[in-house]
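Colleague: Just passing along the structure, written as structure tokens.
A short reminder: the numbers here are calculations on the coordinates, not readings from a lab. Just so it is clear, the structure is predicted and the values come from calculations on it, not from any experiment. All Cβ positions, even for glycine, are placed from backbone atoms using ideal geometry, and neighbour counts span all protein chains on display.
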């Protein structure tokens, strides 16, 4: 059975589409987009874009720290494993008593950190560099060698290592395989958790922005049901979501905020996502802000969907919603709340976004 899927196919049975990915949680009153996307296209786009969006980069960091579980439980650690062609998250800080920087990971659902599994290498010219020991390096020391070569550390010496007790043999063998000499005092098996000022390095590819564009496009179709998604004005955004391209044509990062209270210095009391769509005669634009919280106001993504298919000049329309986590530990399942932001006029009108 096939339906009128808005994407090029191959098509299958039509399926409900969660415009806000289900792995970000379940929110009451958030109804899926219906009769727009088939199972085949939904699966293809999800595998190519949402895997990276959810498992590495900025979204994965907040999802891990806050403790949002996926449909299959605990997600893979974004500090050890990349996704969708993007590397893991690198969190660097210097702990008291150590003369060099270390890599850290966050304990799921907390803001506590502890050293990542790593080996610290020292080079006579390049200095010290912590190198993460990833799962992929087990029985594959060539991956570690390639990492050292890429950083210009072929002749660096290992001077310290961190690993859990059951991982010491694996790390020791890896050190020996790259020409180092394991020593017992290189491995620290105990480290007290502490609060640190951590610098994060996150990298994403076009897949991340395709996922953002998909969320914005599908949210707009849900908010304005008279739009079919098949209009010619949407061919550009659909092509970008389907197969990629120049993300700057469709997705931009904004440093200002579209929520009036945020611009006045207020902050939400809990973690939330914000989606807003503005429909004018000239164009349809969606704004998204993910994992806004008491101490976090991340950039706003502006998604340009294209011209409004309507040829009738009417007043601009705006829809805006907040997706609030009252209890982040709930994760997937009842507990989240979707609420309308528009009646309270929390979101700036289009003329104030320029």
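Colleague: Please work out which one of (1) under 16 Å from the mean Cα position of the chain (by Cα); (2) free of Cβ contacts under 8 Å to residues at least 60 places away in the same chain; (3) assigned to a loop (DSSP other than H, G, I, E, B) is the condition residue 110 fails and give its number.
Modeller: Against the list (1) under 16 Å from the mean Cα position of the chain (by Cα); (2) free of Cβ contacts under 8 Å to residues at least 60 places away in the same chain; (3) assigned to a loop (DSSP other than H, G, I, E, B), residue 110 comes up short only on (1).
Colleague: Just need a number here: residues in the range 118-137 that are crowded, with 21+ Cβ neighbours inside 10 Å and assigned to a loop (DSSP other than H, G, I, E, B).
Modeller: 1
Colleague: Taking residue 226, is it in contact with a strand residue (DSSP E or B) (Cβ under 7 Å, 6 or more places away or on another chain) and either part of a loop (DSSP other than H, G, I, E, B) or touching a residue at least 12 places away in the same chain (Cβ under 8 Å) (or both)?
Modeller: no
Colleague: Considering only residues that are part of a loop (DSSP other than H, G, I, E, B) and touching a residue at least 60 places away in the same chain (Cβ under 8 Å), which ones fall in the range 257-292?
Modeller: Matches in the range 257-292: 258, 271, 280.
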